[in-house]
Ligand code: 5GP
């Protein structure tokens, strides 16, 4: 998506540890006009009428998923990062290692909001090593729901997540795929 790539080149900052900061327009301050275009593009790439729910993970996926959901007319449900180990029977849970915080979280989702009738589109801001997406896919499997695909705003193509998800036969659409990045250069695939 050209508009997004131009914005990454203009306002993205590369930080140590292969972290791209896009917090001036995507995941801290949010450019709603841009995210609106992102929502439309996800709809164009996932035209299926079967989708019943959009699933994301807190925190930075939520805003993007909500704006995109207006083009799908389905609810957004977000998996929560739980601090509590007191997990009761009314939730699905999985573990996710955070790329940016290097911590393992229990991630939970109420059974009320996902079941075997659901066809789910996953949306998230970044795909790096794929832990967050694998965790969400695990929750979908636990619910017996069907995964319709995964829409990612920025995939870091030099990390393993994208290949892992595509090898599973999941329909993955990343709006910008970064081939390489250094302090002074950033190249898209
Ligand atoms: P993964 O689980 O694929 O390794 O990482 C995905 C999650 O880590 C995303 O939900 C995102 O919040 C965060 N993340 C991964 N790489 C980056 C990055 O380069 N910049 C930012 N801002 N977040 C990232």
Notebook entry, point to check: Which residue, 155, 167, 58, has the most motion in a Gaussian network model of the chain that connects Cα atoms within less than 10 Å?
Noted result: 167
Notebook entry, point to check: In nanometres, what is the gap between the two model label sites at residue 189 and residue 103, each 7 Å from Cα along Cα-to-Cβ?
Noted result: 3.1
Item checked: Three-way shape call for region 145-189 based on the alpha-carbon gyration tensor, with the a/c threshold at 1.5 -> prolate
Checklist line | Distance (nanometres) between label positions extended 7 Å along Cα→Cβ at residue 182 and residue 168 | finding: 3.4
Notebook entry, point to check: Under 20 Å from a point 7 Å along the Cα-to-Cβ line of residue 11: which residues of region 31-52 have their amide N that close?
Noted result: 31-42
Notebook entry, point to check: Relative to the present Cα-Cα distance, how much length would full extension add between residue 48 and residue 90 at 0.36 nm per residue of separation?
Noted result: 12.1 nm
Margin query: Would you calculate the convex hull of the Cα atoms in the chain and tell me its volume per residue in Å³?
Written below: 106
Note to self: Using only Cα atoms and rounding to the nearest 10 degrees, what angle (0 to 90) does helix 2-11 make with the longest principal axis of the chain?
What the structure shows: 70
Item checked: Contour minus Cα-Cα distance for residue 129 and residue 111 (0.36 nm per residue) -> 3.8 nm
Next item on the list: Could you check what % of the DSSP bridge pairs in region 30-106 are antiparallel, to the nearest 5?
Entry: 50
Checklist line | Spin-label pair residue 40/residue 160, simplified geometry with 7 Å Cα→Cβ offset, distance in nm | finding: 3.9
Next item on the list: Compute the Cα gyration tensor for region 64-133, then decide on rounded, prolate or oblate, letting a ≥ b ≥ c be the square roots of its eigenvalues: rounded whenever a/c is under 1.5, prolate when a/b is larger than b/c in the other cases, and oblate in all that remain.
Entry: oblate
Next item on the list: Using DSSP, restrict attention to beta bridges with both residues in region 81-189 and report what percent are antiparallel, rounded to the nearest 5.
Entry: 45
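Provide the percentage of antiparallel DSSP beta bridges, counting only those with both residues in the chain; round to the nearest 5.
45
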Next item on the list: Measure out, as a whole number of angstrom, how far apart the alpha-carbon centroids of region 92-108 and region 67-81 sit.
Entry: 20
Check: Taking springs between alpha-carbon atoms closer than 10 angstrom, which of 36, 27, 73 fluctuates most in the Gaussian network model of the chain?
Finding: 73
Margin query: Report the gain in length on full extension from residue 33 to residue 58: 0.36 nm times residue separation, minus Cα-Cα distance, nm rounded to one decimal.
Written below: 6.9 nm
Note to self: Over the chain, with a Gaussian network built from C-alpha contacts below 10 Å, which listed residue (157, 144, 169) shows the highest mean-square fluctuation?
What the structure shows: 169
Check: Where does region 9-75 land on the Kirkwood hydrodynamic radius, alpha-carbon pairs, in angstrom?
Finding: 13.1
Margin query: Please arrange 120, 74 by how many other C-beta atoms lie within 10 Å of their C-beta, fewest to most.
Written below: 74, 120
Check: So how do 180, 174 line up by other beta-carbon neighbours within 10 Å, fewest first?
Finding: 180, 174
Checklist line | Gyration tensor (alpha-carbon) shape descriptor, region 90-167, a/c threshold 1.5 | finding: oblate
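Read the figures in this text as sums done on the coordinates, not as results from a lab. Since the model is a prediction, treat every value here as computed from it, not as a measurement. Using ideal geometry, Cβ is built from the backbone for each residue, glycine included, and neighbour counts are taken over all protein chains shown.
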